[in-house]
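Asker: Before anything else, here's the structure in question.
The values are calculated or read from the model by the stated rules, or taken from the named source; none is laboratory data. A quick note: this is a predicted structure, and the numbers were derived from the prediction, not measured. Ideal geometry is used to build each Cβ from the backbone, glycine not excepted, and the neighbour counts take in all protein chains shown. Remember, those area values only see protein heavy atoms, side chains included, never the ligands or the DNA or RNA. Shrake-Rupley method; radii C 1.70, N 1.55, O 1.52, S 1.80 Å.
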Amino acid sequence: MSDQIRTRYDDGVLEVVIDRPKANAIDLATSRALGLIFQDFRDDPTLRVAIVSGAGEKFFCAGWDLKAAASGDAVDGDYGVGGFGGLQELRDLNKPVISAVNGICCGGGLEIALSTDLILAAEHATFALPEIRSGTVADAASIKLPKRIPYHIAMDMLLTGRWLDVHEAHRWGFVNEVLPAERLMERAWELARLLESGPPLVYAAIKEIVREAEGSTFQTAMNKITKRQFATVDRLYSSEDQLEGARAFAEKRSPIWKGK
């Protein structure tokens, strides 16, 4: 495992911090290490929520490490399980992941943030897709961003590489909350604790439905839900947690989620 990634485990929450001075850029070795971390998170039933951030106060992540590329890392090399940064292509990741963006978030760093479910950002955070200036393409962002924000804003970012401050990013809807820098991680942990206390099987079903429905018609996706053709939905509707939710509602008490 890379010594340039810090992890913290607290009950059901995993915190992952990219710590590669000075820009928290990611080379092939770091990407592979992140993939193993997120794979273990996915497969560990005791972990329910993850937080991703960057070390320091200036960079969340500057994306692909161009210095490593100049030294021989191939842009189409082996990024490991989950693809670049360990999240973009990690299959069946059905647990909530939060980005805590503590500074510059550009290129592949923005693509990592877009691969999470909720994005919190410090007031000084900035965002860009500057790949055009280095003669390459922001591949994952080219797929994801036009589906998340207005098409013309996404194309502006992709075609010009211009920078957005955090308030514009929030206005266009790909940042959930803007926070003072000193409150960022505190709020990320508050949100993680809230999600940790929630129903993990329901979260899993939500994430699978949202992910799979992206390439389906509404009715096709609805039919798969009602016919229990999503594995997570089938598991949920056969679970103790589903009965517990109904009982707790009827008994006017808080449910106790077991994840089974």
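Asker: Which GluC sites (Glu not before Pro) does the range 153-260 hold that lie in a coil by DSSP with at most 12 other beta carbons within 10 Å?
Answerer: E214, E251
Asker: In square angstrom, rounded to the nearest 10, how much accessible surface does Y79 have for a 1.4 Å probe?
Answerer: About 40 Å², ignoring ligands and nucleic acids.
Asker: Under the Karplus relation 6.51 cos²θ - 1.76 cosθ + 1.60, θ = phi - 60°, what is the ordered set of whole-Hz ³J(HN,Hα) values for the range 10-18, x standing for Gly and Pro?
Answerer: With the stated coefficients, the range 10-18 comes to 9, 6, x, 10, 10, 10, 10, 10, 7 Hz.
Asker: Given a 1.4 Å probe, how much area per residue of the chain is accessible, in Å²?
Answerer: On a per-residue basis, the chain sits at 50 Å².
Asker: Something else: Which of [x] 22.9; [y] 19.2; [z] 21.3 is the computed Kirkwood radius over Cα pairs in Å for the structure on display?
Answerer: Answer label, from the structure shown: [y].
Asker: So, with a 1.4 angstrom probe, what is the percent of accessible area on the chain that is carbon and sulfur?
Answerer: Looking at the chain in its full context, I get 54 percent from C and S.
Asker: Sticking with this structure for a sec: In the range 122-214, which trypsin sites (Lys or Arg not before Pro) are in a loop and have at most 15 other Cβ atoms within 10 Å, using DSSP for the loop call?
Answerer: R162
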